[in-house]
Amino acid sequence: MAFDIDMIRRVYAQFGEKVEQTRKVLNRPLTLTEKILYAHLSGELPQQAFERGKSYVDFAPDRVAMQDATAQMALLQFMQAGREKAAVPSTVHCDHLIQAKDGAVADLKNALNSSKEVFDFLASVSNKYGIGFWKPGAGIIHQVVLENYAFPGGMMIGTDSHTVNAGGLGMIAIGVGGADAVDVMAGMPWELKFPKLIGVKLTGRLSGWASAKDVILKVAGILTVKGGTGAILEYFGEGARSLSATGKGTICNMGAEIGATTSTFGYDESMAEYLRGTDRPEVAGLADEVKQHLTGDEEVYAQPEKYFDQVIEINLSELEPHINGPFTPDRATPLSQFAAEVKKNNWPKELEVGLIGSCTNSSYEDISRAASIARQASEKKLKVKAEFTITPGSEQVRYTVDRDGFLADFDQIGGVVLANACGPCIGQWARHTNDPKRPNSIITSFNRNFAKRNDGNPNTHAFVASPEIVTAFAIAGDLTFNPVTDTLVNEEGKAVKLDEPAGLHMPPKGFAVKDAGYQAPAADGSNIEVLVNPESERLQLLEPFAPWDGQNLSGLRLLIKAKGKCTTDHISMAGPWLRFRGHLDNISNNMLTGAVNYFNDATDTVKNQLTGAYDAVPAVQRAYKAAGVGSIVVGDHNYGEGSSREHAAMEPRHLGVRAVLVKSFARIHETNLKKQGMLALTFENEADYDRIQEDDVINLTDLESFAPDRPLTVELVHADGQKESFKVLHTYNAQQIEWFKAGSALNLIKLENAK
């Protein structure tokens, strides 16, 4: 069944005309990305092309998706927006609050008990405001979106950085903070800096052990974790057309790891096949009617250097499997060189756990290819030597692969099936270990592998590979094993070799499911009451942030000068803290506890300038707030990379941090800070980072003249009384400055709705 088919019809009915109008404005051939973006403008077409990387543009996305961890705060904000119903089709997906421990059945039961209050809140608020609700166990948000909501040429936003997964069906799908979702659900335009465009030309065809996962692992190695920042990747070429829709989704999904705004592919037969196979033939039919507009123009792909800001070319016929990591998703090593890297770097060669699935690699195709390895291993008298877990992406996938015997294949070699949820990928993993700090190695088919990400252990060397490579490594239990060339000794003492994986894009007997886990909202939710217990530890109604008083900021204390990588996991950890995602004050107790303090190389210990003593970061900031003293956070490059979680911006705002000054920001985090009424600033001269001392008092001396494209001045007052000043930059436009003045973007929405 196709959801929101009337909305999709409206999009396609206007799409061709909007593309042709855009072609006239730009007066040249168009990329697919440009077609979708210009077709989703909020308001009229401009008189001339937007400037990539500079122009701020208002868009009107077709839909919004939220996962349970971020939906709590998003919907708590939406409740203040003054609307009776979400303005666009929206959904909530309960996938983050299920901890992996004992297996699917037990873990889901535990989650339903431990998070009942949150699930009930999300179900009731969804029911009231016309939002579709996917129950716990229904599946991971991005796989469920791909199966039910994504459509070629559409535009959506989601409160998770891996919303980009829907690019596998030719969408522009972008991860945002909850405040952005609130804007769209409240019927307001959604603002984005018009992205730069990176073209990725794929030639040839995958074979052997290589998979779609290896394409993005290779791209991550080329572009690094920040090489895609501010850009959309558009994949094209014969190689792109040879990939399945879910393979395309895998590539788009992990594009979040290179900082890309999103990634997408042109509409082709593999997408049509997937739409038909997931019971959406009418969507495929509508897309076929405008298919010439759902891909880039031929001239663009013939001479991509003329139309993209950067072009990468990868020959799939020559691509070998890659393993990325440890500790960063962009350290890419071809399989043929990996054993040597393990030995050279003295990484723990014994593999303790192999994990497949997650939102990135949990499709029918992924599981069928991995199961083919498991099946032949069983036939060749092999079992896994490492712990081995399997996470299906949705109940539809789980039910179908179980019916087709794949779960039995995993069971035969010692695999354990986990719930249809994020689990270990986001740190929701009660790992079986006697020493939680021991150096060790794991390998996953997930997307993100920063230190502590999966199990909280800073010494866990987490590597990322395709599901079939992970399965082979779990059987070997050894990171120096190469399944392409090496043999293994089986239970009978014989040397055996694994054959190449074999899989299917789609189930031959079609998808099947008894209960997909969907709950439709009430037609009229006006009489539904959403209750939040004021004594709750997990949910807390929000109070508006205070507006700016129009004065310069003076007397700010340095809370922390973060050294090196500082992701949203460092700013607001996940794992056990997920339970407080709906309670701003409680979750603020994890604020910046993972950031490394420049002055002592330690985490969660900073100097309280009021007492001279060192204490935990949140404790020091609460002391400043109680004393009425503002503070500032200083950071390094790509500050706030990783998850889209807005808590990383709301926590410092709630506790009284006034500004964040860094060398550079990750896109989503910078926007989140702006939305919450924070000052997000960057050094004009990066060397000024070194001038900031631990005991400095910091002043912003010209904030009263805050305006677009006008630098601000920071004055440092050192402990010895000496002063020095330097310029800092910002990217605020006039609208965003109004957010700052009002105290937050939500405050401004409420003011406008009250008119």
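The values are calculated or read from the model by the stated rules, or taken from the named source; none is laboratory data. What you are looking at is a predicted structure, and each value in this text was computed from that prediction instead of being measured. Counting neighbours? That spans all protein chains shown, and the Cβs are built from the backbone with ideal geometry, glycine included. Side chains are part of the model used for accessible areas, which takes the heavy atoms of the whole protein and leaves out ligands, DNA and RNA. Shrake-Rupley method; radii C 1.70, N 1.55, O 1.52, S 1.80 Å.
In the stretch 646-673, what residues are open to solvent by 10 Å² or more (accessible area, probe 1.4 Å) and either more than 20 Å from Gly255 (Cα to Cα) or in a loop (DSSP other than H, G, I, E, B) (or both)?
Across the stretch 646-673, the qualifying residues are Arg653, His654, Gly656, Arg658, Lys663, Ser664, Ala666.
If you go through the stretch 674-718 and keep only what is β-branched (Val, Ile, Thr) and surrounded by 15 or more Cβ atoms within 10 Å (Cβ to Cβ), you end up with Thr682, Ile692, Val697, Ile698, Thr713, Val714, Val717. Criterion first (more than 21 Å from Ser270 (Cα to Cα) and touching a residue at least 12 places away in the same chain (Cβ under 8 Å)) does Gly170 satisfy it? Spelling it out, it is not the case that Gly170 is more than 21 Å from Ser270 (Cα to Cα) and touching a residue at least 12 places away in the same chain (Cβ under 8 Å). Do we have any residue at all in the stretch 552-567 that's of a type in the set (Ser, Thr, Tyr), open to solvent by less than 20 Å² (accessible area, probe 1.4 Å) and assigned to a helix (DSSP H, G or I)? Looking through the stretch 552-567, none of the residues is of a type in the set (Ser, Thr, Tyr), open to solvent by less than 20 Å² (accessible area, probe 1.4 Å) and assigned to a helix (DSSP H, G or I).
Scanning the stretch 575-588 for residues that are within 23 Å of the chain's Cα centre (by Cα) and either free of Cβ contacts under 8 Å to residues at least 60 places away in the same chain or surrounded by fewer than 18 Cβ atoms within 10 Å (Cβ to Cβ) (or both) yields Pro576, Trp577, Phe580, His583. Report yes if some residue within the stretch 34-51 is of a type outside the set (A, V, I, L, M, F, W, C), in contact with a Gly (Cβ under 6 Å, 6 or more places away or on another chain) and surrounded by fewer than 23 Cβ atoms within 10 Å (Cβ to Cβ); otherwise report no. Scanning the stretch 34-51, I find no residue that is of a type outside the set (A, V, I, L, M, F, W, C), in contact with a Gly (Cβ under 6 Å, 6 or more places away or on another chain) and surrounded by fewer than 23 Cβ atoms within 10 Å (Cβ to Cβ), so the answer is no. As a summary of the residue check, Val25 satisfies the conditions (1) more than 21 Å from the chain's Cα centre (by Cα); (2) among the β-branched types (Val, Ile, Thr); (3) open to solvent by less than 20 Å² (accessible area, probe 1.4 Å) except for the one numbered (3). Would you be able to say whether some residue in the stretch 636-643 is closer than 18 Å to Asp696 by Cβ, out of contact with any helix residue (DSSP H, G or I) (no Cβ under 7 Å at 6 or more places or on another chain) and either at pLDDT 95 or above or open to solvent by 10 Å² or more (accessible area, probe 1.4 Å) (or both)? Scanning the stretch 636-643, I find at least one residue that is closer than 18 Å to Asp696 by Cβ, out of contact with any helix residue (DSSP H, G or I) (no Cβ under 7 Å at 6 or more places or on another chain) and either at pLDDT 95 or above or open to solvent by 10 Å² or more (accessible area, probe 1.4 Å) (or both), so the answer is yes. Picking from residues in the stretch 672-712 that are in contact with a Ser or Thr (Cβ under 9 Å, 6 or more places away or on another chain) and of a type in the set (S, T, N, Q), the one that is nearest to Asn597 (Cα to Cα) is Thr682.
From the set of residues in the stretch 212-226 that are open to solvent by less than 30 Å² (accessible area, probe 1.4 Å) and more than 10 Å from Leu316 (Cβ to Cβ), which is modelled with the lowest pLDDT? Show your work before the answer.
Of the residues in the stretch 212-226, the ones open to solvent by less than 30 Å² (accessible area, probe 1.4 Å) are 212-217, 219-220, 223, 225.
Filter again for more than 10 Å from Leu316 (Cβ to Cβ), leaving 213, 216-217, 219-220, 223, 225.
Numbers: Lys213: 98, Ile216: 98, Leu217: 98, Val219: 98, Ala220: 96, Leu223: 96, Val225: 88.
That would be Val225.
Looking across Lys54, Lys109, one residue alone is open to solvent by 10 Å² or more (accessible area, probe 1.4 Å), more than 26 Å from the chain's Cα centre (by Cα) and not hydrophobic (A, V, I, L, M, F, W, C). It is Lys109. Among the conditions (1) farther than 30 Å from Gly517 by Cα; (2) more than 24 Å from the chain's Cα centre (by Cα); (3) touching a residue at least 40 places away in the same chain (Cβ under 8 Å), Leu37 misses just one, which is (2).
In the stretch 145-205, counting only strands (runs of 3 or more DSSP E) that sit wholly within it, the ones holding 1 or more residues that are open to solvent by 10 Å² or more (accessible area, probe 1.4 Å) span 190-193, 196-203. Let me spell it out: the conditions are (1) open to solvent by less than 40 Å² (accessible area, probe 1.4 Å); (2) closer than 30 Å to Gly277 by Cα; (3) within 28 Å of the chain's Cα centre (by Cα), and Gly510 meets all of them except one. Which number is the exception? Just one mismatch for Gly510, condition (3). Within the span defined as the stretch 618-625, every residue fails to be surrounded by fewer than 21 Cβ atoms within 10 Å (Cβ to Cβ) and part of a loop (DSSP other than H, G, I, E, B). Looking only at residues in the stretch 386-438 that are more than 20 Å from the chain's Cα centre (by Cα) and of a type in the set (Phe, Trp, Tyr), the one that is surrounded by the fewest Cβ atoms within 10 Å (Cβ to Cβ) is Tyr399. Among the conditions (1) open to solvent by 50 Å² or more (accessible area, probe 1.4 Å); (2) at pLDDT below 95; (3) of a type in the set (S, T, N, Q), the only one that Ser115 does not satisfy is (1). Reported count of residues in the stretch 589-617, each being open to solvent by less than 10 Å² (accessible area, probe 1.4 Å), touching a helix residue (DSSP H, G or I) at 6+ places or on another chain (Cβ under 8 Å) and in a helix (DSSP H, G or I), is 1. Number of residues in the stretch 9-47 that are of a type outside the set (Gly, Ala, Ser) and not in a helix (DSSP H, G or I): the value is 11.
For residues that are part of a strand (DSSP E or B) and open to solvent by 60 Å² or more (accessible area, probe 1.4 Å), tally how many sit in the stretch 339-355. Even if it seems obvious, please write down each step before you answer.
Here is the first cut: in the stretch 339-355, the ones part of a strand (DSSP E or B) are 350-355.
Pick out the ones that are also open to solvent by 60 Å² or more (accessible area, probe 1.4 Å) and you get 350.
So the answer is 1.
If the condition is being open to solvent by less than 10 Å² (accessible area, probe 1.4 Å) and small (Gly, Ala, Ser), then the stretch 227-243 contributes Gly228, Ala231, Gly239, Ala240.
Against the list (1) assigned to a strand (DSSP E or B); (2) under 23 Å from Ser263 (Cβ atoms), the condition Val92 fails is (2).
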